[in-house]
Amino acid sequence: MAQLKSVAFKEGEVPQAREPLAVQEPLPEGSGRSFPPVSVPACQTLIDVRNGEASFAHVFQHFNWKENTMGGGSTLASYEDGQAEQRFAELKRSLDTCRRYEGEGYVGPFEATVTTQASPEYGEEAVTFREIVPMGPENGGDRNEQFVVVRTGNTIATFSELSIGKDLFFPPEVITRQVERLRNAQRP
């Protein structure tokens, strides 16, 4: 986790984000709130990979954007040799079949629709998708979260951008910089 923390962004490195840019480690096993698996197993795999589950180590970083109060985040996950490729292949298979699922979150039950988008040119492999949860016009529109998931060597980085009633995107230049840092950290 120390190596992942060292390549995460520091104060002042992301001008469009409000400070502080704290890096968080996952909660100890069993200490956080847990939710039942979602209704579609392929969609649960998608969620697990984007959250860094089954990784050797992972850290989170939240971004409170100056232009989007909903914000975004990143998960940097490190895997043993070959496991990142395997997990990324599982993610891509999940995206082939996961279109809609039901689950439970902090505010109760929800239904989500998953749509894939054009794959970006980051790292060795990358995918982009959105998860949309209907919230109704009385709540400002649908909960719309974009995910860009990138594999670089033995790491998988997930970038998410949350918005209500809009299609916002995680800043591509921030993704490029983070992926480059992950690549450089793995070079001998």
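The values are calculated or read from the model by the stated rules, or taken from the named source; none is laboratory data. The shown structure was predicted, so the numbers you read here are calculated from the model rather than taken from an experiment. Note that we place each Cβ from the backbone using ideal geometry, even for glycine, and neighbour counts take in every protein chain shown. Accessible surface areas use protein heavy atoms only, side chains included; no ligands, DNA or RNA. Shrake-Rupley method; radii C 1.70, N 1.55, O 1.52, S 1.80 Å.
Numbers at a glance
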{"read-out": "Enumeration of residues in the range 151-166 that are β-branched (Val, Ile, Thr) and farther than 13 Å from GLY72 by Cβ", "value": "THR152, THR155, ILE156, ILE164"}
{"read-out": "Hey, GLU53 out of contact with any His (no Cβ under 7 Å at 6 or more places or on another chain), among the acidic types (Asp, Glu) and under 18 Å from ALA89 (Cα atoms) or not", "value": "yes"}
{"read-out": "Total residues in the range 64-77, condition in a strand (DSSP E or B) and touching a residue at least 60 places away in the same chain (Cβ under 8 Å)", "value": "6"}
{"read-out": "Identity of the residue in the range 131-143, open to solvent by 50 Å² or more (accessible area, probe 1.4 Å) and among the charged types (D, E, K, R), that ends up modelled with the lowest pLDDT", "value": "GLU138"}
{"read-out": "Residue in the range 1-15 that is open to solvent by less than 30 Å² (accessible area, probe 1.4 Å), under 19 Å from GLU80 (Cβ atoms), in contact with a His (Cβ under 9 Å, 6 or more places away or on another chain) and among the hydrophobic types (A, V, I, L, M, F, W, C) present", "value": "yes"}
{"read-out": "Criterion (closer than 23 Å to MET1 by Cα and β-branched (Val, Ile, Thr)) met by exactly one of THR116, THR75", "value": "THR75"}
{"read-out": "Extreme residue, nearest to GLU111 (Cα to Cα), among residues of the range 46-61 that are of a type in the set (S, T, N, Q) and within 13 Å of the chain's Cα centre (by Cα)", "value": "ASN51"}
{"read-out": "Residue pairs meeting the criteria (Cβ under 6 Å; at least 6 apart or on separate chains; first farther than 12 Å from SER74 by Cα, in the range 2-14; second open to solvent by 70 Å² or more (accessible area, probe 1.4 Å) and not in a helix (DSSP H, G or I))", "value": "GLU11/GLU19"}
{"read-out": "Residue list for the range 71-120, filter: open to solvent by 80 Å² or more (accessible area, probe 1.4 Å) and of a type in the set (S, T, N, Q)", "value": "GLN86, THR97"}
{"read-out": "Matching residues, the range 12-36, being in contact with a strand residue (DSSP E or B) (Cβ under 8 Å, 6 or more places away or on another chain) and of a type outside the set (D, E, K, R)", "value": "VAL14, GLN16, ALA17, LEU21, ALA22, VAL23, GLN24, PRO26, PHE35, PRO36"}
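Let's see how each residue does on (1) open to solvent by 10 Å² or more (accessible area, probe 1.4 Å); (2) in a strand (DSSP E or B):
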residue	(1), (2)
PHE129	no, yes
GLU145	yes, yes
GLU161	no, yes
ILE175	no, no
GLN178	no, no
